[in-house]
Every structure is written in structure tokens, then in C-alpha cells.
Amino acid sequence: MKRLPLILVLVFVSVSVAHAEMVPTFPDTGANPQAFVPKGYSILKQAEGDLNNDGLPDVALALKSNDEAKPVQDREIDPPRYLIILFKTPQGYQKSIATPNGILTIDSGGVYGDPFDSMNIAKGVLNIVSYGGSAHRWGGTERWRYQDGDWYLIGQLIHNEYNFGPEKKSFDTNFLTGLQITDETDKLGVRNVNKTNIGKKALTKLSGYQNINQ
């Protein structure tokens, strides 16, 4: 078996160590939401509401890297953001999931800028809203629900629009029922709304989700 040159081994080890240092760690439990914010990060958005149907106010955190404050040319990479979902307990909070999926990064919004729009909890569902683009704008809302011991995408609204005219189109899909509503306005301003059933499919897990437009 051929051995790798020492210089390649050192480069591989250096890259691996650097990557490991970039990935933050999150505790399993904490007295308050701030306890789950690692060094080098801050809270971009916090939302509260009952997510596991136990009557207690759970918390979702969208975390951003402090490196986002640097000019684009001084950032080696587009800093990852993290979605942290915490279940409220009598003792404090318990981590349900910590993932870089679900929150778009600051540089992925195109000319429009930061694509993160908002995040809220309503009727046991976590809603994350994104928006970006330039002359042609895009955006969407992803609806996440805790069920069967994991987080699943149960609905999604995706929309596109032209910033200098009436043209726009959206797809609002309920993955639990298969119902999809298409709402389209053409360049003449004529609107057409259709409802179809695309069929039920296996729900997508948050842990393996690829963000909208990323």
C-alpha cells in the first residue's frame, strides 16, 4: 500500500481540525435559551410556543455567527446559521434538535441581501420565512412539526415574482394531504388559482433538509 506524502497528511489533518473547530457544540439541557448559544454566535431570532403539545412554552432559536459582521471579502466562507429547538421542562430546557438546516445564510439572498425574513410558532407548527433575489424575487415559508419523535416538513409555500411587473407565481403545498394550491398572475395581470392533489409522499426530515434556493 502506498503511503501519502507527509505534506498531504499534514494538510488533511489541518483542514479536519479547522473544520471541527468551526462546528459549534450545543448542550443537551440548559436553564434558559441563552445557555444554548455557543461562543462566537448570537441570537438572530427567537420564537416561543408549544411545539410538543405538553402545554409548556417551547423555544426555537435562529443563531447567526458573529463573523457575519465582517465585510464579505474578509469572510473565508458564508458562515453557517443554526436552528435550535428547545422543549421547556420544569427544570429549564431540553434540546430537541440543533441543525444548520432550515435557516438560510446571510450571503444566500442575492442582491436583496439577508434572506432570513421571520420565524414564528403557531398551532404547534414552526414557520420559517425566507425572501431574496433581485429583479426576480423568490421566497417561501417552510412549516415544521414535531411528530413521531422527529421534525418533519408538513407544508411549504414557494413564490416567485417579477419586481417590475405583475407577474408572480406561488405553490402552497400541504404534504400531509397532498393538496397543492397554485396561484399565478401573468404579465397582463390576469390571475389564475388552481387546486390539485399531488399525492402523499414520505415526509422530509429537518435533519436532512436542503434549504429553499440553496
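Those residues that are in contact with a strand residue (DSSP E or B) (Cβ under 6 Å, 6 or more places away or on another chain), of a type in the set (A, V, I, L, M, F, W, C) and more than 26 Å from Ala135 (Cβ to Cβ), I need them from the range 180-214; list them, please.
Hits for the range 180-214 are Ile198, Leu203, Leu206.
Please state which one of Ile77, Ile103 is loosely packed, with under 15 Cβ neighbours inside 10 Å and either of a type in the set (Val, Ile, Thr) or part of a strand (DSSP E or B) (or both).
Checking each option against the conditions leaves just Ile77.
May I ask you to verify whether Gly109 is surrounded by fewer than 17 Cβ atoms within 10 Å (Cβ to Cβ) and free of Cβ contacts under 8 Å to residues at least 40 places away in the same chain?
So Gly109 does not fit the description; no.
Looking at the range 23-39, I want the residues that are free of Cβ contacts under 8 Å to residues at least 40 places away in the same chain and have a partner that is loosely packed, with under 14 Cβ neighbours inside 10 Å and assigned to a loop (DSSP other than H, G, I, E, B) with Cβ atoms under 7 Å, at least 6 apart or on another chain. Which pairs are those?
Pro38/Thr25
Among (1) at negative phi; (2) at pLDDT below 90, which single condition is Ile121 missing?
Single failed check for Ile121: (2).
Condition first: over 25 Å from Asp148 (Cβ atoms) and touching a Phe, Trp or Tyr at 6+ places or on another chain (Cβ under 8 Å). Now tell me which residues in the range 34-63 satisfy that.
Correct list: Ala35, Pro38, Tyr41, Leu44, Lys45, Leu63.
Residue check, Tyr93 against (1) closer than 21 Å to Pro115 by Cβ; (2) hydroxyl-bearing (Ser, Thr, Tyr); (3) in contact (Cβ under 8 Å) with a residue 60 or more places away in the chain, all met but one. Which one?
(1)
Considering the range 55-78 alone, what residues qualify as being at pLDDT 90 or above and not acidic (Asp, Glu)?
Gly55, Leu56, Pro57, Val59, Ala60, Leu61, Ala62, Leu63, Lys64, Ser65, Asn66
Considering only the range 28-40, I want to know if a residue exists there that is of a type in the set (A, V, I, L, M), farther than 23 Å from Leu206 by Cβ, at pLDDT 90 or above and outside any strand (DSSP E or B).
yes
Residues being surrounded by fewer than 16 Cβ atoms within 10 Å (Cβ to Cβ) and assigned to a loop (DSSP other than H, G, I, E, B): count how many of those fall in the range 153-174.
4
Let's see how each residue does on (1) touching a residue at least 60 places away in the same chain (Cβ under 8 Å); (2) of a type in the set (A, V, I, L, M, F, W, C):
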| residue | (1), (2) |
| --- | --- |
| Gly124 | yes, no |
| Thr141 | no, no |
| Tyr152 | no, no |
| Gln156 | no, no |
| Leu188 | no, yes |
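The values are calculated or read from the model by the stated rules, or taken from the named source; none is laboratory data. These numbers were taken from a predicted model, which means no experiment stands behind them. Heads up, the Cβs are rebuilt from the backbone with ideal geometry, glycines too, and the neighbour counts pull from every protein chain shown.
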